[in-house]
């Protein structure tokens, strides 16, 4: 099971970015996202996506990050541009264990670097946490996320030109 811990969500500033983080998490195979600040609008939006497009994805906002980290029984990965190389870092992760991925909005507290089993960088240049999460999950799952079935009310079928959308009753 893969879960995401979003730290430092600033409601007025980060609503679109955090929404995109949650959408990437869901689409790329995560089952949960924990967000440290309460945001009922964000919860409502993501639950609406899940209701329409399907999937078993949970969003929880206003959580106590210290409690989540203390009680986590699996591997903790912190995505940071200061971390170990993506390819070599992923090879070291025990894929039989649950995975919690920490991503920040604002500067993360220094203890995140110490509490994590792995600090992994997607690159050592400033970049988006949305891109970092997508690239990490794609590499971690070896692209298998693309075969996930969601069984939603709306299904988009691959097509070279035009759109093919199925809406189920």
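So the values come out like this:
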read-out: For the chain, calculated [θ]222 nm from helices alone, where every DSSP H run of n ≥ 4 adds -39500 (n - 2.57); value: -10500 deg cm²/dmol
read-out: Helix 129-140 vs. the chain, principal-axis angle (Cα, 0 to 90°, nearest 10); value: 90 degrees
read-out: Calculated P(r) of the stretch 79-139 - Cα pairs past 17 Å, %; value: 33 percent
read-out: DSSP bridge pairs, the stretch 2-167: antiparallel proportion in percent, nearest 5; value: 15 percent
read-out: Alpha carbon centroid spacing (whole Å) that separates the stretch 1-55 from the stretch 91-110; value: 16 Å
read-out: Reciprocal of mean inverse Cα separation for the chain (Kirkwood radius, Å); value: 16.6 Å
read-out: Rounded to 10°, Cα long-axis angle of helix 11-27 versus longest principal axis of the chain; value: 70 degrees
read-out: Against the rule of thumb 2.2 N^0.38 Å, how large the Cα Rg of the stretch 1-41 comes out; value: 1.10
read-out: Isotropically averaged projected area of the stretch 1-83, using the convex hull of Cα atoms (one quarter of hull area), nm²; value: 5.8 nm²
read-out: Tilt relative to the chain, helix 40-53 - C-alpha long axis, 0 to 90 degrees, to 10; value: 50 degrees
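Read-outs: derived from the displayed coordinates by stated rules, not from any lab. Treat the numbers as computed from the prediction; the structure is a model and nothing was measured.
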